[in-house]
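Enquirer: One structure follows; several queries about it will come next.
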Amino acid sequence: MAFPKGFFWGGATAANQFEGAWNVDGRGMAMTDVTTGGSVKEPRMVTYIDKDGNPGKMPSFGVNGQALPEGAHYAVLDDCLYPNHDGIDFYHHYKEDIALFAEMGFKIFRMSISWSRLYPNGDEETPNQKGIEFYRNVFTCLRSYGIEPLVTLWHFDTPLYLEEHYGGWKNRKLIEFFTRYVTTCFNEYKGLVKYWLTFNEINNTIMMLNIFGHSIEDDQPYKDAYQHLHHQFVASAKAVQIGHAVDPENKIGCMICGITFYPATCDPKDILANRHQWEIGLYYCGDVQCKGEYGSYAQRLWKEHNAKPEMTAEDLEDLKNGTVDMYTFSYYMSQLVTTHKATDMVSGNFSAGARNEYLQYSDWGWATDPDGLQYYLEVMNDRYHLPMMVVENGLGAYDTVEEDGSIHDPFRIDYYRQHIQAMNRAIENGVNLIGYTTWGCIDLVSAGTGEMRKRYGFIYVDKHDDGTGTMARSRKDSFFWYKKVIASNGEDLAD
Ligand code: BG6
């Protein structure tokens, strides 16, 4: 096998999906704290109190803040269940969980810092010391096992106060607040953390908008998305500069939601549409963060929606000076792009488009496509010439606990085997891949549907969608398999 010595094998999580302790030790709220559970058919709902004091719910449109009805404010309602409130309570189980990661042989562990645990509203001048202490304890514990922390600074969790009172990332002020927050992180965790990611799946804002729901004729959501993204690009570039200034050892990456798009037919119109999908969905963000400037096609994209994102000369300078050290991405599926009317459509959470007859789909409608991972790695390696990490990949599936407590998940093992083989081929073809952190290495709350039963973990957590469960952890068959994979540096993929 081609995996280089020192390859970072590990797993990935996000604060809001697994920490729980949503209102403990001074933590402020994030959007997920007012978002209910859903399913592949039922959207998650964001809850609020309207201007007349009546409770209300509206479908959650994914990861970013959304406009409330006039005069309403976000609220936790008594009769709703909010799965992220408890997550899997990593906050109180971190020692046990990290011991299990160490038992599997993890070299790296990806987690995020909850911004509102450090700055409860987001606009305070000084941080919440209890939040700082919590992460220091976690990083110290990881290091005691020789596990490298890989820390995402923003994983879909802008403090709710900033969403409500400042309008979220459309507001330029957020650059300043984010900069203050990340400065605290870099200073406080200097020497404990070396690998950082700025914004998780930053491209979702525009890619999902383009794939789903919004009428192509409606310019406003696009205008907002481009402005929002510009602010995040500048915030990310500033974070890179600050991170390097605080500790030149820091390696800071972008994080892109990697979907491999294919044209559905050989009609040249489909080929072109597919190329444009790569531009708006994948290159738009990757180019700014890796190359330090907007791609030439950005003018065309903005023009299509009469968008003129406001930016200063200083912003453009910041983008140039704040390019990332590594390209990291999540990979779950490929999708087809076509200009023709497709009859056989995929519908799942965060997946869409025409069905690919050559692929199998998960129960949540995601196409399993390891070749797509190889393709993606090879394209992005050529484009950016940066070290790469696959920082999310995995299969959300139902698990059954047998009477004796064992959990047999050969489907998950098979999925990982195929994707590891695909990474191996990419490395053989020259890709500079340095790490792999599987998503939800321990079961956690699904971002898309809010479910627990969409499980990804090597470690099972006894927590259910109705809020019941003991939170007990147990090892699935894949736990023992992944342990062998890591011990053999990817050589031993047998059952
Ligand atoms: C990515 C996110 O989109 O996919 C994660 O970065 C998320 O937060 C993961 O959990 C899997 O999606 P889901 O909807 O199955 O949780």
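Here, each number is a calculation from the coordinates, and none is a lab measurement. On a predicted model such as this, the values are computed, not experimentally measured, just so you know. All Cβ positions, glycine included, derive from the backbone under ideal geometry; neighbour counts span all protein chains shown.
Enquirer: When a/c is below 1.5 the answer is rounded, else prolate if a/b is larger than b/c, else oblate, so apply that to region 68-156 with a ≥ b ≥ c taken from the square roots of the Cα gyration tensor eigenvalues.
Expert: The shape class here is prolate.
Enquirer: Considering Cα pairs under 8 angstrom that are at least six residues apart, work out the relative contact order of region 329-440 and quote it in whole percent. Show your work: numbers first, answer last.
Expert: Working: 151 pairs, mean separation 33.2, N = 112.
Answer for region 329-440 is 30 percent.
Enquirer: Here's something else I'd like to know. Under a straight-distance cross-link criterion of Cα-Cα below 20 Å, which lysines are reachable from K483, leaving out those fewer than 8 residues away in the same chain?
Expert: K5, K95, K107
Enquirer: Still on this structure, please answer the following. Which of the lysines could be linked to K291 by a straight reach, that is with a Cα gap under 17 Å, when you skip same-chain ones fewer than 8 residues away?
Expert: By straight Cα distance, K291 reaches K238, K251, K320.
Enquirer: With N denoting the number of residues in the chain, provide Rg(C-alpha) divided by 2.2 N^0.38 Å, to two decimal places. Walk me through the numbers before you get to the answer.
Expert: Working: Rg = 21.3 Å, N = 495, 2.2 N^0.38 = 23.2 Å.
Ratio of Cα Rg to 2.2 N^0.38 Å: 0.92.
Enquirer: Beta carbons within 10 angstrom, averaged per residue: use that to sort the peptides 289-302, 414-427, highest first.
Expert: With the highest mean Cβ count within 10 Å placed first, the list reads 414-427, 289-302.
Enquirer: Straight-line reach from K41: which lysines have Cα under 25 Å away, leaving out those fewer than 8 places along the same chain?
Expert: K57, K341, K454, K463
Enquirer: Ok, one more. Taking H as built 1.01 Å from N, whose amide H comes closer than 5 Å to the amide H of L150, not counting residues under 5 places away?
Expert: Amide H neighbours of L150, under 5 Å, 5+ apart: F109, R110, M111.
Enquirer: Relative contact order (percent) for region 1-130, with alpha-carbon contacts under 8 angstrom and 6 or more residues of separation?
Expert: 38 percent
Enquirer: Spelling out what I want: for every residue of region 13-19, take phi, set θ = phi - 60°, compute 6.51 cos²θ - 1.76 cosθ + 1.60 (Karplus), and round to whole Hz; glycine and proline get x.
Expert: 8, 9, 3, 5, 9, 9, 5
Enquirer: So how do 471-482, 100-111 stack up, highest first, on mean other-Cβ count within 10 Å?
Expert: Working: 471-482: 18.8, 100-111: 21.5.
Put in order of decreasing packing, that is 100-111, 471-482.
Enquirer: Just to confirm my numbers, what's the Cα centroid distance between region 342-404 and region 112-183 in Å?
Expert: 29 Å
Enquirer: Relative contact order of the chain: what whole-number percent is it, with Cα pairs under 8 angstrom and at least 6 residues apart? Mind dumping the intermediate values first?
Expert: Values: 1007 pairs, mean separation 87.1, N = 495.
In percent, rounded to a whole number, it is 18.
Enquirer: Now a separate question. Rounded to the nearest 5, what is the percent of antiparallel bridges among the DSSP beta bridges in the chain?
Expert: Taking every DSSP beta bridge within the chain, about 30 percent pair in antiparallel fashion.
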